[in-house]
Amino acid sequence: MGFFSKLFKGPEIDMAKSDANAKKMRALFNQVVEDGDRYQLIFGYTEDVSRFNYGFVHGSKTKIGNLIVGWNEADETIVAVPTVPDLSGCGDPTYYRRSQILKAYRNKYPTDAFVIYPDKKGYIAINAYDWLEDESLYVYVSQDKELAAFTDFFLHRFATK
Amino acid sequence: MLLLAAAAVAGNLWFHLVESVLHGVRKLFDRGKEPPVWHPLPPEKEEKNDV
């Protein structure tokens, strides 16, 4: 009986690995963002879907971009820092201040994403889950409480509609 | 069944061939471009152990 219950339990989160990655996320974020400790952090990702047609082979490709997403409730600001699944480094931050963006909302279909339009020219759609196991594509981190806090902030303080 | 497997393999090979050619062409156009800014993870500060 014990064997089968373990079999159907599903994958277990390695909390030591998750905590180590959370520390790395904080280190990277604080390195590039001034007063980084004023922001709470979650891991998010973007999906860029493009179509291709190479003659008799055609289909769609999805490019995954990893982000460290920081938010400050008092300033109503979200900061997105591009990174990679192993958190070996990061790019420059992009700031989204509620007073300066065009619009922000939570998309439900086709994907559950937090969408921000900084201006009319483009947008960013941030996807986030409490835990993703595939370390080749996503940062391995458990973040159910942080995700709930970010969702609450985004829906009730940041979203424009 | 074998025909399907052969088609899948051929399709994959063709896809990867075209992708590598396109990648090479893109590199030619990106020669003069500056690489994107990248900040490596800072080394962990060693904890000082009190003896």
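The values are calculated or read from the model by the stated rules, or taken from the named source; none is laboratory data. What you see is a predicted model, and the numbers here were worked out from it, not measured in a lab. Glycine also receives a Cβ, built like all others from the backbone with ideal geometry; neighbour counts cover every protein chain displayed. Accessible surface areas use protein heavy atoms only, side chains included; no ligands, DNA or RNA. Shrake-Rupley method; radii C 1.70, N 1.55, O 1.52, S 1.80 Å.
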Residues in segment A:142-149: is at least one in contact with a helix residue (DSSP H, G or I) (Cβ under 8 Å, 6 or more places away or on another chain), small (G, A, S) and buried (at least 19 other Cβ atoms within 10 Å of the Cβ)?
yes
Inside segment A:94-128, the number of residues satisfying the requirement of being over 13 Å from A:V69 (Cα atoms) and in a loop (DSSP other than H, G, I, E, B) is 16
Those residues that are open to solvent by less than 70 Å² (accessible area, probe 1.4 Å) and closer than 26 Å to A:M15 by Cα, I need them from segment A:115-133; list them, please.
A:I126, A:N127, A:A128, A:W131, A:L132
Quick one: is A:Y109 without any contact (Cβ under 8 Å) to a residue 24 or more places away in the chain, surrounded by 14 or more Cβ atoms within 10 Å (Cβ to Cβ) and either farther than 22 Å from A:V32 by Cβ or in contact with a strand residue (DSSP E or B) (Cβ under 7 Å, 6 or more places away or on another chain) (or both)?
no
Regarding A:T94, is this residue without any contact (Cβ under 8 Å) to a residue 60 or more places away in the chain, in contact with a Cys (Cβ under 8 Å, 6 or more places away or on another chain) and within 14 Å of chain B (Cβ to nearest Cβ)?
no
Taking the condition of being among the aliphatic types (A, V, I, L, M) and free of Cβ contacts under 8 Å to residues at least 60 places away in the same chain, how many residues in segment A:75-91 meet it?
4
Quick check on my filter: what residues within segment A:86-100 are within 23 Å of A:E133 (Cβ to Cβ) and open to solvent by 40 Å² or more (accessible area, probe 1.4 Å)?
A:D86, A:S88
Of everything in segment A:58-70, what is crowded, with 17+ Cβ neighbours inside 10 Å and of a type outside the set (G, A, S)? Give them in sequence order.
A:N66, A:L67, A:I68, A:V69
